[in-house]
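Below is one structure, written out as structure tokens; the observations come after it.
The values are calculated or read from the model by the stated rules, or taken from the named source; none is laboratory data. Computed from a predicted model, the values in this text were never measured in an experiment. Note that each Cβ is placed from the backbone with ideal geometry, even for glycine, and that neighbours are counted across all protein chains shown.
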Amino acid sequence: MATQNPLEQEGTYPLPEAQLDRFMFNTFVDYPTDEELAEIVTKTTGAGLNDASAVMHREEIFKIQETVRRVPIAKPVVDYIVHFSSATRPEHPKAPDFIQDYISWGCGPRAAQYLSLGAKAHAILHGEPHASIEGVRAVAKSVLRHRIALNFNGQAEGLDTMKIVDKLLEAIQPKAVAA
């Protein structure tokens, strides 16, 4: 886990793509609302700050990780993952035109692995007995946004990777994979 403030790079440096790829998710956290900011100020600037304490022990984390890995995933869901992650690569035959036009490089195998694990975790969190395509689609933005790079044309068009992932989600519907 790591945090980075994209506005002020002092003290933090953009990671190379090979290192970014090691992170399963890239989540965007926007500014807090005024109410949330008031709560942050109140809780962090008063007397009696609580000491940090463990919420979970290492063994519990390992057990949860193993539970996630045991969630079943059907072949059509794996096929969807493969199709979706492969379609991010401009040279792939199934890449949509906008990928070929706006992306310089797309996702490697780790993205597909993390889409699978993310869908399995999504299933557990939602009380579902198996990973689903809906779960894959739910985690796609966090898994892919830092694994694709815009080329000059994409940057010139004012696109960002989130817009590209949105377009992929629109373009690659579950029924299209079976065809």
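Figures for the structure shown
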quantity: Tally, over region 63-110, of residues that are closer than 14 Å to Arg145 by Cα and free of Cβ contacts under 8 Å to residues at least 40 places away in the same chain; calculated: 1
quantity: Some residue of region 142-157 being part of a loop (DSSP other than H, G, I, E, B), in contact with a strand residue (DSSP E or B) (Cβ under 8 Å, 6 or more places away or on another chain) and not hydroxyl-bearing (Ser, Thr, Tyr); calculated: yes
quantity: Residue in region 88-98 that is among the polar types (S, T, N, Q) and not in a loop (DSSP other than H, G, I, E, B) present; calculated: no
quantity: Conditions (1) at pLDDT 95 or above; (2) not in a helix (DSSP H, G or I); number of the one not met by Arg137; calculated: (2)
quantity: Filter result (farther than 22 Å from Ala149 by Cα, surrounded by 15 or more Cβ atoms within 10 Å (Cβ to Cβ) and of a type in the set (A, V, I, L, M)) within region 111-135; calculated: Leu117, Ala119, Ala121, Ala123, Ile124, Ala131, Ile133
quantity: Matching residues in region 149-177 - criterion: being at pLDDT below 90 and closer than 18 Å to Ser116 by Cα; calculated: Gln173, Pro174, Val177
